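The values are calculated or read from the model by the stated rules, or taken from the named source; none is laboratory data. Please read all numbers here as calculations on a predicted model, not as lab measurements. Note that each Cβ is placed from the backbone with ideal geometry, even for glycine, and that neighbours are counted across all protein chains shown. Remember, those area values only see protein heavy atoms, side chains included, never the ligands or the DNA or RNA. Shrake-Rupley method; radii C 1.70, N 1.55, O 1.52, S 1.80 Å.
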Amino acid sequence: MRPFDYHRARDLQDAQTDYVSGAAFIAGGTNLLDLMKLQVMTPERLVDISRLGLDRIEDDGDGLRIGATVTNSDLAADPRVRRRWPVLSRALLAGASGQLRNKATTGGNLLQRTRCPYFYDPDTPCNKRDPGSGCAAMGGELRNHAVLGTSAHCLALSPGDMPVALRALDAVIEIRGTDGRTRAQPMEGFHRLPGDTPERETVLDPGELITAVRLPAPRGDRQVYRKVRDRASYAFALVSVAAVLRLEGGVISHAALGFGGLGTVPWRDPEVDALLTAERPSAALFDEAATLLLRGAEPREGTAFKLPLARRVLRAVLEEATQ
Ligand code: SF4
């Protein structure tokens, strides 16, 4: 690990004033410290934002406002989350290990970097780590890589569980700009597709801070999170599905589906949601939804198994959510 300065911020203003080019914010540090040890990230200064009072979960009218440094463990265990947004609680508990969830934060989870093994190996070309250097994954060993939203420059998978649930729940991210103003950014559009700039993963500009995530009232009371992975715990998703559905008179009146393990960003496809809405549940409908979801998929050797797997997981999740 390379030497770096450390500054513990007194407040948000102090944190952003102290952020200089080449710095990084740190809260839980569960991903950042690994990347620093491997010299994939080499910030010259760490600005610690873990003690700024951003660790509260507050009622917000009909929804919740979750501070950026609320830990994954506290969020998963919150009785309000468990009762009204169980898909979020289940997604959180499906991620990492108990020790990591005790440190990992809500804001940090949204910024978790890909687990593409070549990204973590500074001796290999990687457009995300070193723009313009190439992509060792193409032509290399593929498994935990994306089949949706890929580009000729990068097919790194978005690794998180929590963001998949947040997409299905229409969460909104509060971002404090460097001018001190706060803006609201829907989950949709927060993560950027790799295109020809895979190093730019979100809409955050340097020095901008996530301060909270807002959860609106849930639009569906039938919530399911299912994650298929190589082992039962402490593994990233091969395919995961977060479903938030409502049924009225045997008809699906609301459908919102988030997908993990498939996309370069936490995936949601409005056409799939629309296909399911105002329809009666059936095996044929669920198959049609899977076909629609995967219409633009670009499988390669090593990731082609994800297509039939996604089809089966989606069908199982929809069956469970509508039974
Ligand atoms: Fe880097 Fe993306 Fe290629 Fe992985 S897939 S080596 S992260 S450019």
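Couple of notes before you dig in:
- Within segment 226-241, being in a strand (DSSP E or B) and of a type in the set (K, R) holds for R226, K227, R229.
- Filter result for R129 (over 18 Å from the mean Cα position of the chain (by Cα), outside the structural domain of R311 (by TED's automatic domain parsing) and touching a residue at least 60 places away in the same chain (Cβ under 8 Å)): yes
- Boolean, S50 is within 23 Å of the chain's Cα centre (by Cα), under 25 Å from V224 (Cα atoms) and not aromatic (F, W, Y): no
- On inspection, N102 fails the criterion of being assigned to a helix (DSSP H, G or I), closer than 22 Å to V228 by Cα and not assigned by TED's automatic domain parsing to the domain that holds E301.
- Whenever a residue of segment 308-323 is free of Cβ contacts under 8 Å to residues at least 40 places away in the same chain, its partners that are surrounded by 13 or more Cβ atoms within 10 Å (Cβ to Cβ), lying with C-beta atoms within less than 8 angstrom and at least six residues away or across chains, give the pairs R311/D287; R311/A290; R311/L294; R315/F286; R315/D287; R315/A290; E319/P281; E319/F286.
- Selected residue (only one of A91, A76, A96 is assigned to a loop (DSSP other than H, G, I, E, B), hydrophobic (A, V, I, L, M, F, W, C) and modelled with pLDDT of 95 or more): A96
- Scan of segment 100-116 for residues that are more than 12 Å from the chain's Cα centre (by Cα), charged (D, E, K, R) and within 16 Å of the ligand (Cβ to nearest atom), ordered by number: R115
- Cβ-Cβ under 7 Å pairs, at least 6 apart or on other chains, segment 133-151 side among the aromatic types (F, W, Y) and within 9 Å of the ligand (Cβ to nearest atom), far side at pLDDT 95 or above and open to solvent by less than 40 Å² (accessible area, probe 1.4 Å): none
- Criterion (part of a loop (DSSP other than H, G, I, E, B), open to solvent by less than 40 Å² (accessible area, probe 1.4 Å) and more than 16 Å from the ligand (Cβ to nearest atom)) met by exactly one of G180, G195: G180
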